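Let me begin by presenting the structure, written as structure tokens, before commenting on it.
Rule-based calculations on the coordinates, nothing more; no lab input. Everything numeric in this text was worked out from a predicted model, so none of it was measured. So basically every Cβ, Gly included, is an ideal-geometry build from the backbone, and we count neighbours across all protein chains shown.
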Amino acid sequence: MNLSPAKHEILEALFLQEKPVKAVQLAKELGKDFPPVMMHLLGLTRMGYAVSPEKGYYVISEEGKKTLGLPEVTRKKALEILAQKPWEKGFHFYAGIGKPLNLYANDLLDFCNKLAKVNVDAVEFHMERGDFEAWFTSLGDAELAKKAGLLKKKKLKSEELRRRLFEAAQGRCIELSKIVGESAAPST
């Protein structure tokens with residue numbers, strides 16, 4: 001089903017949330033008036049693309065994720081995404097072109113831990129270039145790659161960028177760990 005641009009934008013904003021969100025908070029984040037956002041949220045809920053786990057709060061549903069083009073993740077796929085990678089396939093942090101930081105992450109959990117400590121200028125450098133999206137895609141994680149792309153479009157800077165990317169990656173680690181039946185949460 002094709003969504004209106006307004007509903008699509010709201011669905012993407014819901015997708016970026018790591019926990020249930022109030023409609024007024026979503027409207028504020030989008031820079032939109034509350035009544036139309038609420039109306040579209042109710043429509044998305046009726047269509048099954050959003051759910052309200054508790055009164056006044058909304059999250060994207062699995063059907064909503066499918067609508068954004070995201071595949072369902074099986075246990076096997078979750079294990080692939082979480083698996084340690086060899087050095088050459090890890091994420092290598094740079095301060096700029098030709099300026100390696102000699103810091104790399106060999107899996108998603110390691111990435112979260114390193115992201116929390118690396119210089120924020122390196123985070124901005126990699127975000128602008130699309131390096132995070134590319135690495136998450138190489139891991140096989142279309143969902144995290146999409147979140148990184150949406151964060152990039154927001155043009156966030158400094159600690160706000162790091163915080164939002166960390167929350168997305170951390171949330172994904174927890175979600176994938178639940179799928180595989182293990183506990184894995186980055187240290188903060």
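Side notes on the structure shown:
- Segment Lys117-Leu79, extension gain: residue separation times 0.36 nm, minus the distance between their alpha carbons: 11.1 nm
- Span-rule helices in the chain, defined as complete DSSP H runs reaching 30 Å or more along the axis (Cα) with Kyte mean at least 0.5: none
- The modelled label-to-label distance between Lys89 and Arg46, using points 7 Å beyond Cα along the C-beta direction, is 4.7 nm.
- The residues packed around Leu70, meaning those with a beta-carbon under 14 Å from its beta-carbon, carry a net charge of -2 if Lys and Arg are +1 and Asp and Glu are -1.
- Whether the stretch 49-94 is rounded, prolate or oblate, judged on the alpha carbon gyration tensor where a/c under 1.5 counts as rounded: prolate
- Debye-sum result for the chain in log10 I(q)/I(0), which assumes one identical scatterer on each alpha carbon, at q = 0.15 Å⁻¹: -0.91
- Cα-Cα over 26 Å, subset of Lys22/Lys66; Lys55/Lys77; Lys114/Lys153; Lys55/Lys76; Lys19/Lys89; Lys66/Lys152: Lys55/Lys77; Lys55/Lys76; Lys19/Lys89
- The dipole here belongs to the chain: it is taken about the Cα centre, uses +1 on the Cβ of Lys and Arg and -1 on the Cβ of Asp and Glu, and is about 240 debye.
- Solution diffusion estimate, µm²/s, Stokes-Einstein, the stretch 35-113, Kirkwood Rh from C-alpha pairs, 37 °C, viscosity 0.692 mPa s: 205 µm²/s
- For the stretch 129-147 and the stretch 11-38, distance of Cα centres in Å: 24 Å
- With the simple spin-label model, which puts each label point 7 Å out from Cα in the Cβ direction, the Val24 to Lys155 separation comes to 2.9 nm.
- Normalised radius of gyration (Cα atoms, divided by 2.2 N^0.38 Å) for the stretch 1-66: 0.95.
- When each of the peptides 95-105, 167-177 is scored by how many other beta carbons lie within 10 Å of its residues on average, the order from highest to lowest is 167-177, 95-105.
- Packing-based ranking of 132-145, 115-128 yields 132-145, 115-128, ordered from highest to lowest mean Cβ neighbour count within 10 Å.
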